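Shown next, in structure tokens, is the structure this report addresses.
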Amino acid sequence: MTDLTSDAFRKAMAHFATGVAVVTASSDEGEQGATISALSSVSLDPLTLLICLNRRSATCRAIEQSQRFGLSILSNEQEGIARHFAMPSHAKSMDEHCVRHEDGTCFVRDALVQIGVEVVETLRGGTHEIFLARPVHITMNEDVEKPLLYYRGTFDLLA
């Protein structure tokens, strides 16, 4: 049995393969974006999903201020974009990688799925904020079939 430490817990959770997404939001600080793997559908009635972000991130602050965000589920061809949005906020270029919906929401260009959402509730979970959100529009890219995955600390492609 392994001692229960934060490092052991992180290593254990790394064995859970997840999809990779980018969340984007606008605030007084400008447009922000972050790569996430903490994403889940919660309910079909009412339609609800959740994401988790570190409270210290600029993207978290932007979502808290705007109460809405764009969610882009990445395809297996977008590892470079996942790495780009995983960098510190001052090093990110939004215009190069993003498109805007008619309502102004920013999304990753050519993502597998783009979901515009509004926050309905925010919960605190240790170092992270948990945003429960309601989808308001969805665009699916029918030309792309395979998601980008994250497993054991690396990006992986679905064969």
Note: among L47, L74, just one is surrounded by fewer than 19 Cβ atoms within 10 Å (Cβ to Cβ) and closer than 19 Å to I115 by Cα, namely L47
Taking the range 9-27 and keeping only residues that are surrounded by 12 or more Cβ atoms within 10 Å (Cβ to Cβ) and either small (G, A, S) or within 29 Å of R109 (Cβ to Cβ) (or both), one is left with A14, A17, T18, G19, V20, A21, V22, V23, T24, A25, S26, S27
Condition set of a type in the set (S, T, Y) and surrounded by 15 or more Cβ atoms within 10 Å (Cβ to Cβ), scope the range 85-138, selection nearest to A34 (Cα to Cα): answer is S89
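Values in this text are rule-based calculations from the coordinates and carry no lab data. Note that this is a predicted model, so its numbers are computed, not measured. So basically every Cβ, Gly included, is an ideal-geometry build from the backbone, and we count neighbours across all protein chains shown.
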